[in-house]
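First up is the structure itself, then whatever we jot down about it.
The values are calculated or read from the model by the stated rules, or taken from the named source; none is laboratory data. Note that the structure is a prediction, hence the values are computed from the model and not measured. Heads up, the Cβs are rebuilt from the backbone with ideal geometry, glycines too, and the neighbour counts pull from every protein chain shown. All accessible areas refer to the heavy atoms of the entire protein, side chains included, with ligands and DNA or RNA removed. Shrake-Rupley method; radii C 1.70, N 1.55, O 1.52, S 1.80 Å.
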Amino acid sequence: MTSTVAFLASFVSILIGTAIGMVLKRLLRLDTLEGGSKELIRLGAGLLSTLAALVIGLMIASAKNTYDTQNTNILQLGTNAVLVDQLLTQYGPEARAARTLLREAIPSATARIWRESNERDGAGSTFVISGTAERFYSAIEGLRPANAEQTSLKSRIIAITTEMGRTRLLVFTQTDNAIPVPFFIVLTFWLVVIFASFSLLAEPSPIVIISILVFAISVSSALFLIVDLSHPFDGLMQISNDHLRAVLPKIE
């Protein structure tokens, strides 16, 4: 489910609920209800409103955590790429081929992360290493240390490149569907009932209609925010890939 679909579905459902409340008010002459009956409706709507607000708040926090975690993964990938490049530079001219392959691997890995993270059907190539990355790892393994310093540098390079691969896999395994469809349907039903109760108890007037529209947009925007944050690699607030694309300087 995309953020736009979540917004439109919730907004339209809320308006339908409001319309149902207005129709029931007119057909059933609910303006003649006794004070106790109106108080019961208010208490029920208040209970649902509190429950819905709590659930929406928790989902926003969960979606924001997903977004922050993925952003941290991307920053970690860029940081490790810079560190590996610096270690390869210290290793010496023998590592120049590996540095060149690293500059080829980072842009292709970046494109794969954003493309495959946006594929909802779970592409089979997600956990398959690319040809460029495989050549890069082979170049690292092919380094032949000539002294103790190069031996130490090679072991550190292997450790960091392994961490880079692990972080890339975490990007795909930490995906989160903030609002499963059944849960979204239940939450939307709550909102329909809440807004129907509003229109049951209020006399139709321009200020009431405008207020309901503002409230409906506000609640639907919260659901839009939740879904958009839970998909960090597309949508309105997607993570920028500039950090990875421009992280490594040209080889001198």
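For the stretch 1-103, a crude dipole built from +1 on the beta carbon of Lys and Arg and -1 on the beta carbon of Asp and Glu, taken about the Cα centre, is about 240 debye to the nearest 20. Projected label points at LEU75 and VAL23, each 7 Å from Cα along the beta carbon direction, are separated by 5.1 nanometres. Full extension of the chain between ALA146 and ASP68 yields a length gain of 23.8 nm, computed as 0.36 nm times the residue separation minus the alpha carbon distance.
Amide H contacts of HIS231 (H built 1.01 Å from N, in plane; Pro and chain starts excluded): no residue 5 or more places away or on another chain comes under 5 Å. Amide H contacts of GLY92 (H built 1.01 Å from N, in plane; Pro and chain starts excluded): no residue 5 or more places away or on another chain comes under 5 Å.
With 0.36 nm allotted per residue and the present C-alpha distance subtracted, the LEU40-GLU104 stretch has 16.4 nm of extension available. For the chain, the mean residue ellipticity at 222 nm estimated from helices alone is -26500 deg cm²/dmol, where every DSSP H run of n ≥ 4 contributes -39500 (n - 2.57) and the total is divided by all residues, rounded to the nearest 500. For THR151, the accessible area of its heavy atoms, probed at 1.4 Å with every protein chain present, is near 80 square angstrom. Model label sites at ARG245 and TRP190, defined 7 Å from Cα along the beta-carbon direction, differ in position by 4.0 nm.
Stretching PHE215 away from LEU58 to a fully extended chain increases their span by 54.6 nm, per 0.36 nm per residue minus the current alpha-carbon distance. When the solvent-accessible area of the chain is split by element, carbon and sulfur atoms take up 65 percent of it, the probe being 1.4 Å.
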